[in-house]
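This report concerns only the one structure given below.
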Amino acid sequence: MTAISRCFESLRQNQGCALIPFITAGDPDLETTAKALQVLDRSGADIIELGVPYSDPLADGPVIQAAATRALQRGTTLERVLEMLKSISPNLRSPIILFTYYNPIVHRGIDKFLQQVQEAGVAGLVVPDLPLEESAGLIKSAAEVGIDLILLVAPTSDHERIKAIARASGGFIYLVSVTGVTGMRTQIQGRVFDLLQEIRHVTDKPIGVGFGISEPEQARQVREWGADAAIVGSAVVKRLAEGTPEQGLEAIGQFCQSLKTALNNPI
C-alpha cells in the first residue's frame, strides 16, 4: 500500500475527508515554499500537492500561472525543487504529490525522473497533459518505485473513459470540477454531484475534487456529495502571495485550518 493509499484508508476508517492544498514551488522563493509545506502539514492538510513551475502551464488559471511565472523568474528549477523537498519531506506527515507537465519527465527520461522524485520523498504525481492512452508506461514505472500516478476525470469524460481512468489511476481519482483551467469559483457546479455518483458506481477508489474550490463551504459541499478529498489550489496560492512571506504563511495556515474544520463538520 502506498503512502497516499494509507492516508485515505486511515481517513475512511474514521469517516474523514482529505484536505489537499496546492502551492507553487518557488513562489515567492523556495525557502518560503519549505516553510509553507510545514505550515500546511501542521494546519490540517492530509496530502499536499506541490506544483513545479512550467513555462507553458496549459491546465493552470491566472493565479497559478502568475505564481509559476514569478517562480521561474527567480530561478526555480525542478532540480532545486527536489533538493528542497529532499531536505524537508522526512519531517512532513502529509504525503507529497508533485504536479508537473510531461515535458520535464521526457527530458530527463522516465526512470531517472522517477528515481529523483522518489529520493526526494514524492508519493504521487499529477501530469495534466499526459493522456490516458499514453500513460501506461509511466504508471507501470511509477508503481515499481511506490509512486502513484493520479489521473484526471473531466466533466466531458464519457462513461467508458471514466471506467478506464478509474481502473488505471493510482492513489485516488482526481475529478476536475469544471471544464477549463484552475481558478477560484463562487460555486461548485451541480454536475460534480452526478460525476461523483457515476465514478462511485465503477470503482471503490477514493475520489478527490479540485479546480474551483475556494472557500470552506465549497469544501464541505463536495464532501456531502460524496468526495473523499477536497483539493484547493488557487485560493491557497493567492493567500501565500499577498503581503510579506510571513503574512502569507500565516494566511495559508489559518485558511487551511478553516477548510479542515469545514470538512470535519459536515452539514
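The values are calculated or read from the model by the stated rules, or taken from the named source; none is laboratory data. The structure presented is a predicted model; accordingly, all values stated were derived computationally and were not measured. All Cβ positions, even for glycine, are placed from backbone atoms using ideal geometry, and neighbour counts span all protein chains on display. SASA here: full protein model, heavy atoms, side chains in, ligands and nucleic acids out. Shrake-Rupley method; radii C 1.70, N 1.55, O 1.52, S 1.80 Å.
Numbers below:
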| read-out | value |
| --- | --- |
| Of all residues making up region 132-143, the number that are open to solvent by 10 Å² or more (accessible area, probe 1.4 Å) and among the hydroxyl-bearing types (Ser, Thr, Tyr) | 1 |
| Selection count, region 76-87, where residues are open to solvent by less than 70 Å² (accessible area, probe 1.4 Å) and either in contact (Cβ under 8 Å) with a residue 24 or more places away in the chain or under 19 Å from Asp148 (Cα atoms) (or both) | 6 |
| Residue pairs meeting the criteria (Cβ under 7 Å; at least 6 apart or on separate chains; first closer than 13 Å to Phe99 by Cα, in region 52-63; second open to solvent by less than 80 Å² (accessible area, probe 1.4 Å) and modelled with pLDDT under 85) | Ala59/Val181; Ala59/Thr182; Asp60/Val181; Asp60/Thr182 |
| From Pro28, Pro90, residue being part of a loop (DSSP other than H, G, I, E, B) and either in contact with a Ser or Thr (Cβ under 8 Å, 6 or more places away or on another chain) or open to solvent by 10 Å² or more (accessible area, probe 1.4 Å) (or both) | Pro28 |
| Subset tally (residues that are modelled with pLDDT of 95 or more and either buried (at least 16 other Cβ atoms within 10 Å of the Cβ) or in contact with a Pro (Cβ under 7 Å, 6 or more places away or on another chain) (or both)) for region 154-163 | 2 |
| Residue within region 123-131 that is of a type in the set (D, E, K, R) and at pLDDT 95 or above present | no |
| Unique residue being open to solvent by 20 Å² or more (accessible area, probe 1.4 Å), over 15 Å from Phe255 (Cβ atoms) and not in a loop (DSSP other than H, G, I, E, B) when the list is Leu50, Leu11 | Leu11 |
| Flag if Asp60 is at pLDDT below 95, under 16 Å from Ile231 (Cβ atoms) and either among the aliphatic types (A, V, I, L, M) or not in a helix (DSSP H, G or I) (or both) | yes |
| Count - residues of region 137-173 that are touching a residue at least 60 places away in the same chain (Cβ under 8 Å) and farther than 20 Å from Gly226 by Cβ | 4 |
| Matching residues in region 93-131 - criterion: being crowded, with 20+ Cβ neighbours inside 10 Å and free of Cβ contacts under 8 Å to residues at least 24 places away in the same chain | Phe113 |
| Selection from region 222-243 of residues that are open to solvent by 60 Å² or more (accessible area, probe 1.4 Å) and either without any contact (Cβ under 8 Å) to a residue 24 or more places away in the chain or closer than 24 Å to Arg6 by Cα (or both) | Glu224, Arg239, Glu242, Gly243 |
